[in-house]
Amino acid sequence: MRAGGLLATAALFATAACGAGAAETAPDGKPAVVAAFYPLQWLTEQVGGSDAQVSGLTPPGVEPHDVELGIQQVTELKNATLAVYVKGVQPAVDEAVEPDTSFDAATSVATIPVGEHAGEHAGEGEESAEEHGHEELPYDPHLWLDPSRLATVATKLGERLATADPAHAQGYKDRAAKTAAALTALDQEFAKGLTTCTTRTLVTAHEAFGYLSDRYRLKQIGITLDPETEPSPARLSEVAKLAKAEGVTTIFTEALVSPKVAEVLASQVGAKTAVLDPLESKPSGDYLSAMRDNLKTLQTALGCTA
Ligand SMILES: [Zn+2]
C-alpha cells in the first residue's frame, strides 16, 4: 500500500495513470478522499472543493449501518489519502481504515452516551452484539444531526486536509470556515424554531436524534438504536406508555426503514407518524435543505411557535 502511495505521488509529475483503486491520489493528482456515508460525503465535498477528489462509500438509498464492503471498497479505503468516517456507524469501515490515513469525526466533538436502554437487544436475533458493533459503543455515533457539532467537524476536517495536501491548505481552511458558518446559521434556526413547543418529547423508531435532542433541549425516546433491530413487544409497550404520558402526537419514522414499528406504536398511542430524516443516506436536496425539512417536521409535530 505504501509503495502504491509513492507511485501515486510520482503520478503527480508524470501523466501515467495509476491502477484504478490502488492509488492514494486520483489520476489528476488530487488527493483521493473517501467519505463513509452521506453527511460526511456532503461535508467533505464542501471542505474539499475542487482540490480533492471526494467519493462516497455507501451508495445512495442504502442504509449504512449494516453496509458490507467488497474488496474494491476495502482497497479504496486503505489507499485513500484520507478516509472520513464516524467510528461505530459501520463496523466494516471501522475495520478497514488505516489509522494514519483516516479521520474519525467522533474524535472532534464531545460525544454523548447511547440511550439508557440501548444494548438491551444485544444478543437477540441472529446477530450478536459483537457482530453488530453498535451496541458496544461508549457513545452515540449520530453526531451529524447536531449542526453545531458538525460545524466543529468541518473546521477539524479542514485542518486535516490542509495537512494532507499542504499545497492547497488555504483553500481547505477557507472552505471549512464557510461550511462551519453555514452550519452555525442552521444551528441558530433550529434553536430559534424549537424555543417554544407544546411538547419536547421526540419518539422515534430509530434512535438517531440524541445529539439533536441534546442540543435543542428535546427529550428523545427511541425504540432501537439500530434500525435493523426488531424491538421486543415489552419495549414497544414501555415506549407506548411513556409517549402517552408525555402527550406525544407523532411517532417519527424514516424513509429507508420499514415504517411498521412506528405504525404499530402510533396506533397504540393514538398518534400519527411522520418522517424525520437521520440523513444516513443522500436526501433529495442536500444536508442543509434536509435539515430544514426536519426542522419544519419537528415544529409541526411538537407544536412549536417560532
Ligand atoms: Zn443510525
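The values are calculated or read from the model by the stated rules, or taken from the named source; none is laboratory data. None of the values given here were measured: they were computed from a predicted structure. When we count neighbours, we look across all protein chains shown, and the Cβ atoms used for this are built from the backbone with ideal geometry, even at glycine. The area values use the complete protein model at the heavy-atom level, side chains included, leaving out ligands, DNA and RNA. Shrake-Rupley method; radii C 1.70, N 1.55, O 1.52, S 1.80 Å.
Worth a mention:
- Evaluated at q = 0.14, 0.15 Å⁻¹: base-10 log I(q)/I(0), Debye formula over Cα of the range 175-306: -0.61, -0.70
- In the assembled protein chains, Asp100 presents an accessible area of approximately 120 Å² (probe radius 1.4 Å).
- Remark on Ala35: its backbone amide H falls under 5 Å from those of Ser55, Gly56, Leu57, Val84, a criterion applied only to residues 5 or more positions apart or on other chains, H modelled at 1.01 Å from N.
- Shown is the FRET efficiency for Ser50 and Ala191, computed with R0 = 35 Å from the Cβ-Cβ distance and rounded to the nearest 0.05: 0.60.
- For the residue pairs Lys87/Lys219; Lys219/Lys282; Lys219/Lys244; Lys192/Lys282; Lys87/Lys282, the alpha carbons lie more than 22 Å apart in Lys87/Lys219; Lys219/Lys282; Lys192/Lys282.
- Efficiency of FRET from Cβ geometry, Ala182 and Val62, R₀ 22 Å, rounded to 0.05: 0.25
- For the range 233-250, 3J(HN,Hα) computed residue by residue from phi via the Karplus equation (6.51, -1.76, 1.60; θ = phi - 60°) reads x, 5, 5, 4, 6, 5, 5, 4, 5, 4, 4, 4, 4, 8, x, 6, 10, 9 Hz, glycine and proline entered as x.
- Fully extending the segment from Thr107 to Ser289, taken as 0.36 nm per residue of separation minus the present Cα-Cα distance, adds 62.9 nm.
- Given +1 at the Cβ of Lys and Arg, -1 at the Cβ of Asp and Glu and no other charges, the dipole of the range 168-283 around its Cα centre is 400 debye to the nearest 20.
- Taking each residue as 0.36 nm, the span from Ser258 to Ala274 lengthens on full extension beyond its C-alpha to C-alpha distance by 4.5 nm.
- Rolling a 1.4 Å probe over the protein heavy atoms gives the range 140-229 an accessible area of 36 Å² per residue.
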